[in-house]
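Working notes, beginning with the structure itself.
The values are calculated or read from the model by the stated rules, or taken from the named source; none is laboratory data. None of the values given here were measured: they were computed from a predicted structure. Heads up, the Cβs are rebuilt from the backbone with ideal geometry, glycines too, and the neighbour counts pull from every protein chain shown.
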Amino acid sequence: MTDAPILALENLRVSYASRAGLVNVIPDLTFSIAPGEAMGLVGESGCGKSTVALAIVRYLGRAGRIVGGRIRFEGRDVAGLTPSELRAVRGHRLAMVYQDPMASLNPVMTVGRQLMEVPMLHEGLGERAARARALEMLAEVRLLDGERTLTRYPHQLSGGQQQRIVIAMALIAEPALLIMDEPTTGLDVTVEAAVLDLVRELRRRHGTSVLFISHNLGTVVRVCDRVGVMYAGELVEEGSIRQVFANPRHPYTRGLLDCLPSVARDKRQAPLRPIPGQAAPAAARPVGCGFAARCAHVEPGRCTSRAIAILPVVGEPGHAAQCVRIAELPRWERRLVEAGAGADRPPGRVTLRIEGLEKRYLERRGLFGSGRAPVRALNGIDLLVRKGETLAIVGESGCGKSTLAKVLTGLETATAGRVEIEGAEVGSVPVESRPLALKRTIQMVFQNPDSTLNPSHRVGYAIGRALRRLRRRPGGEDASEVARLLAVVKLPADLAGRRPDRLSGGQSQRVAIARALAGNPDVIVADEPVSALDVSVQAAIINLLNEIQAERGATLIFISHDLSVVRYLADHVAVMYLGTIVELGPVVDVFAPPFHPYTEALLSAVPVLDPDAQGARVVLEGPLPSATEIPRGCPFSGRCPRRIGVICDETPPPTRQLSSGHRIVCHIEAEELRELQRAGDPVTRRSG
Amino acid sequence: MHPTTAEHLPAVSEPVSRGFAQAWARRLSLLTESKPALIGAGLVLFWVLAAVLAPVIAPYSPNANDMAALAHPTPSSTHWLGTDHLGRDVLSRVLWGARTVLTVAPLAVLGAALLGSLLGLTAGYYRGWTDLAVVRACDIVLSFPVIILYMIILAHFGSSALNIIAVLTLTKAPIIARIVRGLTIELREREYVAAAKLRGESPLYIMLVEILPNARGPLIVDMCLRTGYNVVIIGALGFLGIGLPPPDPDWGGMVKDTYGMMSVWPHMALFPCAAISSLVIGFNLLAVGLREIGLRD
């Protein structure tokens, strides 16, 4: 590309003022984005990727400061702009889309007003012209019924729709550069896939340059041409998507790829290899390579004595990495283990039996309220889980998977149906009334590492208390037992004295697992235990869960929205939609055709690390319907891309038993589904 | 309770189990990060010292009449802040007055915090009818014009330090209950509360050990603010003549006794007024500063 770059960062240095003084978070960063190019910036939390985005628009806040280098946007030095020039640039030539759409939208203004404001402000357009532009833009971001959408307030739209509005607001001024900071992180996979496809298409049409920041390598592959991998404030590898993912040269990039589970492989074929250790804090940056302490290829003298230069990869123009051993390391290959390495265990006895489970939440009637329709969170769940097995439950938010976990553990009680754990009926027994033995039997690991541990209690107390309650142990033996449990989750014993605010996310989650193990449970329910963690940490926790489960022969109920993780960890998979299980079976069968159309949509929405992969083949339109109005027929009929007709809306679909234990709830015959899905023809919603 | 002691820790690791004194020193050093907190703490500390040391530093007995000063009650070298209409030393009375105010106001806040936290925790944790009952009861108390309520109760039961504390506790508890209830409703949904339920903890344990400690931040800020308000109310009660019974010095009472002579001898009423204001401002600034520091972390 011979054009001058839209954005060029030259030796950018950013520092934050903290209690300990100035901390250099971006020591020296150089990269550029050509016109029309999409550059991805990936890295784990705390690597400085968002700081870069904020520095570019000079939004660093009071504590942050650009202490060196230059940021050139369209040839002009951003640092030299006056406040009014800066305002003219922001939103007009340069637009940003953040993770949380509600943070970018004004809740007391209609969407239309907010959209029209942009061209009226920056281009001096009249109201009528601005309205026409807004309508045009809504059509471009594929929001149907634009006229009505314009009159809506942000809270009346779903998360995916809100993010589309934000994208429309960003693009309506036809900016030269669009900065997107984790734009799809809060969205469901199917919605994420649709938004990513949209970004890709808009970019092609408008020729906008994009800086796309994400922790998720898969999303970057879907949208970008080039990618930069950041570690501890430094760009450790840069190149085209194909170069970086086919031939990663920096050990950190390789490490990231090694920890990513894939929808194509499970634990028996490709074990996850987490990156050991954790990133050093920015205040304690080591001499030489920042990654050296965690690197498997480190050579003490060479890597740690002086600053590491960014070296080009021979034979690959545009591909460079910040590693002294760049030319020496062998080519990276995804490690594959011989299939069958983890031999199948014989099926154990049934630990958990669920029959016809229903859960309804009644909207509380107000003093004068007339009572609303109940929220039907679970509508007839049937499940068998055997001892020592991992059952994964997948589905989008609102499908009832967390409610199921709560009923199992007794945090909620069933409205109808039976739940038996080890033969004892527990569905209608709240946890307060469960006997100790039963409480001990089933324990839970939660999603949010920030809220799973009480910030007021030290780690030792949290685990010790669980020991005392669940094992009725006398207090004296605690210390050694706590240390033993910490060792099981691979934490040093001295962590017992820490408070949760001194733990990393991964450490908190380990402590939570240790706490759940205190009573030696037979069933562990894990509700999205890794979704809030960075990939490298996520891999370690997944491995830990897998190990613990295999060692103890415990049953693991693993709830997740991430199909790659499910594919990796699970023995059996239940796919949930609107409170029902639409597909259930061994993981190999569920992840191969024939799929339930919803499983198919979920799978095709998963971002894959394959530069040649096209966008989602099946794109679901519309949001998940409300759980107060469950359709009479198939719950999925409203969004189903393979809907066959009125029968889908009117008649509940039959359960089709395929092979042993694999069942699909659909009106379409399994054979027909297999044919349709094998053909791989792009589906368009049939009108019916 | 904590199995780890300092010896178990490798030298390089964080000093996790600090000494008690060190932990407090660290907390106090946080105060220096906020200017309002520092000024507020200074003002409050000044009055606390004045109250504690009153018997030592007060030049006269608070109730001693200096008949000689009656002719010239204005500030002089013998009576730095002058004397009042009965010839009592204003400085001594202000110093001794700090003692009563700084006992009654914090005790009343403590009482309100105790009662209010208990009510708020129960209402927020159980929700449903319990919640409704507690919230309505609080509303009823809060809907009374408080000064009239004080007058009725204190006129009926008589005015004593204990009764004032009781009345302040009763009227301030609903406000604290509301705050704690709000926090409880939010905190009870935390995953660590679910974990506690799963290991079979009693509701009382969950409320007091899992929830309350995490509500302490906003609670302490509010208690600080509430102490300031109590100082105002104690002053007002004294001014209305239903405060602490004479002859013990009481800032509000001092103002009441002498405000008629404001145009002639303003010092008699102004110095106790200034005392009330500075103490209230001190508590308010401290509350503002604590909130600021709390938000920063």
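Count, please, the residues in segment A:509-525 that happen to be under 15 Å from residue A:451 (Cα atoms), more than 9 Å from every other protein chain (Cβ to nearest Cβ) and either touching a Ser or Thr at 6+ places or on another chain (Cβ under 6 Å) or hydrophobic (A, V, I, L, M, F, W, C) (or both).
Within segment A:509-525, residues that are under 15 Å from residue A:451 (Cα atoms), more than 9 Å from every other protein chain (Cβ to nearest Cβ) and either touching a Ser or Thr at 6+ places or on another chain (Cβ under 6 Å) or hydrophobic (A, V, I, L, M, F, W, C) (or both) number 2.
Go through A:548, A:541 for me and flag whichever is surrounded by fewer than 20 Cβ atoms within 10 Å (Cβ to Cβ), under 23 Å from residue A:467 (Cα atoms) and of a type in the set (A, V, I, L, M).
The conditions single out A:548.
May I ask you to verify whether residue A:114 is assigned to a loop (DSSP other than H, G, I, E, B), of a type outside the set (Phe, Trp, Tyr) and surrounded by 18 or more Cβ atoms within 10 Å (Cβ to Cβ)?
no
Yes or no: residue A:51 farther than 20 Å from residue A:208 by Cβ, in the same structural domain as residue A:119 (by TED's automatic domain parsing), of a type in the set (S, T, N, Q) and surrounded by fewer than 16 Cβ atoms within 10 Å (Cβ to Cβ)?
no
Testing residue A:404 on (1) part of a helix (DSSP H, G or I); (2) within 13 Å of chain B (Cβ to nearest Cβ), one condition comes back false. Which one is that?
(2)
Given the conditions (1) in a strand (DSSP E or B); (2) aromatic (Phe, Trp, Tyr); (3) closer than 21 Å to residue A:166 by Cβ, and given that residue A:59 satisfies all but one, which numbered condition is not satisfied?
Here residue A:59 meets the rest and fails (1).
Which of the helices (runs of 4 or more DSSP H) contained wholly in segment A:495-594 include at least 3 residues that are within 18 Å of the chain's Cα centre (by Cα)?
Here the list reads A:505-517, A:535-552, A:563-569.
Please identify the pairs in which a residue from segment A:202-230 that is closer than 16 Å to residue A:53 by Cβ has its Cβ atom under 6 Å from the Cβ atom of a residue that is basic (Lys, Arg), counting only partners at least 6 apart or on another chain.
A:210/A:203; A:213/A:49; A:223/A:200; A:230/A:49
Sort through A:34, A:17 and tell me the only one that's surrounded by fewer than 16 Cβ atoms within 10 Å (Cβ to Cβ) and touching a residue at least 12 places away in the same chain (Cβ under 8 Å).
Step by step, each of A:34, A:17 is checked, and only A:17 is surrounded by fewer than 16 Cβ atoms within 10 Å (Cβ to Cβ) and touching a residue at least 12 places away in the same chain (Cβ under 8 Å).
Tell me the residue from A:494, A:478 that is within 7 Å of chain B (Cβ to nearest Cβ), within 14 Å of residue A:514 (Cα to Cα) and modelled with pLDDT under 90, please.
Of A:494, A:478, the one residue that is within 7 Å of chain B (Cβ to nearest Cβ), within 14 Å of residue A:514 (Cα to Cα) and modelled with pLDDT under 90 is A:478.
Does segment B:243-250 contain any residue that is free of Cβ contacts under 8 Å to residues at least 40 places away in the same chain and of a type in the set (Gly, Ala, Ser)?
Looking for residues that are free of Cβ contacts under 8 Å to residues at least 40 places away in the same chain and of a type in the set (Gly, Ala, Ser), one finds none in segment B:243-250, hence no.
Taking residue B:23 as the residue in question, decide whether it is modelled with pLDDT under 75, in a helix (DSSP H, G or I) and among the small types (Gly, Ala, Ser).
Against the criterion (modelled with pLDDT under 75, in a helix (DSSP H, G or I) and among the small types (Gly, Ala, Ser)), residue B:23 qualifies.
Would you confirm, using the coordinates I've provided, whether residue A:95 is surrounded by fewer than 17 Cβ atoms within 10 Å (Cβ to Cβ) and touching a helix residue (DSSP H, G or I) at 6+ places or on another chain (Cβ under 9 Å)?
So residue A:95 fails the test.
Which one is nearest to residue A:552 (Cα to Cα), of the residues in segment A:481-491 that are within 28 Å of the chain's Cα centre (by Cα) and more than 13 Å from chain B (Cβ to nearest Cβ)?
The qualifying residue nearest to residue A:552 (Cα to Cα) is A:488.
Please determine whether any residue of segment B:274-282 is free of Cβ contacts under 8 Å to residues at least 40 places away in the same chain, aliphatic (A, V, I, L, M) and part of a loop (DSSP other than H, G, I, E, B).
No, segment B:274-282 contains no residue that is free of Cβ contacts under 8 Å to residues at least 40 places away in the same chain, aliphatic (A, V, I, L, M) and part of a loop (DSSP other than H, G, I, E, B).
Being more than 20 Å from residue A:588 (Cβ to Cβ), modelled with pLDDT under 90, part of a loop (DSSP other than H, G, I, E, B) and within 31 Å of the chain's Cα centre (by Cα) is the requirement here; does residue A:338 meet it?
Considered against the rule, which asks whether it is more than 20 Å from residue A:588 (Cβ to Cβ), modelled with pLDDT under 90, part of a loop (DSSP other than H, G, I, E, B) and within 31 Å of the chain's Cα centre (by Cα), residue A:338 comes out as no.
Applying the selection to segment A:448-468, what residues are surrounded by fewer than 20 Cβ atoms within 10 Å (Cβ to Cβ), more than 7 Å from every other protein chain (Cβ to nearest Cβ) and in contact (Cβ under 8 Å) with a residue 24 or more places away in the chain?
The answer is A:450, and nothing else.
Please state which of the following conditions residue A:37 fails to meet, knowing it meets all the rest: (1) over 18 Å from residue A:234 (Cα atoms); (2) at pLDDT below 90; (3) of a type outside the set (S, T, N, Q).
So the condition that residue A:37 fails would be (2).
Which of the residues belonging to segment A:422-440 are under 32 Å from the mean Cα position of the chain (by Cα) and either modelled with pLDDT of 90 or more or within 11 Å of another protein chain (Cβ to nearest Cβ) (or both)?
A:430, A:431, A:439, A:440, listed by residue number.
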